[in-house]
1. Would you rank Val100, Val47 by solvent-accessible area, highest first, keeping every protein chain in place and using a 1.4 Å probe?
2. Name the residues whose placed amide hydrogens come within less than 5 Å of the amide hydrogen of Ala97, ignoring near sequence neighbours (fewer than 5 apart) on the same chain.
3. Once you put a point 7 Å from the Cα of Arg103 and another 7 Å from the Cα of Ser59, both along the Cβ direction, what distance in nm separates them?
4. Return the sequence-ordered ³J(HN,Hα) values of the stretch 84-92 in whole Hz as given by the Karplus equation 6.51 cos²θ - 1.76 cosθ + 1.60 applied to θ = phi - 60°, using x for Gly and Pro.
5. Place the peptides 82-88, 70-76, 55-61 in order of packing, highest mean first, counting for every residue the other Cβ atoms within 10 Å and averaging per peptide.
6. Applying the Karplus parametrisation 6.51 cos²θ - 1.76 cosθ + 1.60 with θ = phi - 60° to the phi angles of the stretch 61-74, what ³J(HN,Hα) value in whole Hz is obtained for each residue in order, glycine and proline being reported as x?
7. Taking amide H atoms as placed 1.01 Å from N in the peptide plane, list the residues 5 or more away in sequence, or in a different chain, whose amide H sits under 5 Å from that of Arg49.
8. For the stretch 40-52, take each phi angle, set θ = phi - 60°, evaluate the Karplus expression 6.51 cos²θ - 1.76 cosθ + 1.60, and give the result in whole Hz per residue in order, putting x for glycine and proline.
Amino acid sequence: MRLGLLSRRTVLGTGAGVAGVTALGAGEAWSVPASSAPLRADYAASVGRTFTARHGRRSIRVRLTDIRDLKPTTSRQRAHCFALIFEPVGSAPLHDAIYVISRRGVRTHTLFLSSLGTAGALQAIINRRA
């Protein structure tokens with residue numbers, strides 16, 4: 001490689017890094033204080049209930065269908081390590097993305113929802129230190 005010329009790999013790698021920092025923010029902007037992190041107790045009474053999932057200008061109703069343990073998880077970690085399982089209400093598909101999840105009486109959280117299986121279900125993995 002001659003000085004002044006960049007390889008395609010370098011340009012692509014740098015572009016992906018810049019895109020990642022742009023999408024997630026830099027520094028401490030995305031660190032979540034432990035006191036505001038989701039807890040199992042925040043959602044335990046809402047299994048079967050409908051939430052609003054907002055991504056950008058789009059709002060979609062989702063139903064919390066299950067709260068699953070992450071394995072291996074100790075009893076001390078159980079409140080901080082779990083998976084929330086959501087299904088869309090209606091036929092609107094949801095894509096893997098960061099959503100603001102809200103429901104009256106439940107603290108609002110910003111969670112990454114990712115596909116789970118083939119039936120349109122989504123999961124949010126909560127895995128924090130106790």
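1. Val47, Val100
2. Counting only residues 5 or more places away or on other chains, the set is Leu113.
3. 1.7
4. In residue order, the calculated couplings are 9, 10, 10, 10, x, 8, x, 9, 5 Hz.
5. Most protected by this proxy first, the peptides run 82-88, 55-61, 70-76.
6. 7, 10, 10, 6, 9, 6, 10, 10, 6, 8, 10, x, 9, 7
7. Close amide H contacts, sequence-distant or interchain: Leu64.
8. Karplus values, whole Hz, x for Gly and Pro: 4, 4, 4, 10, 4, 7, 10, 4, x, 8, 9, 10, 9.
The values are calculated or read from the model by the stated rules, or taken from the named source; none is laboratory data. Bear in mind the structure is a predicted one, so any value in this text is a computation, not a measurement. No Cβ is skipped: glycine too gets one built from the backbone with ideal geometry, and neighbour counts run over all protein chains shown. With ligands, DNA and RNA removed, areas are computed over all heavy atoms of the protein, side chains included. Shrake-Rupley method; radii C 1.70, N 1.55, O 1.52, S 1.80 Å.
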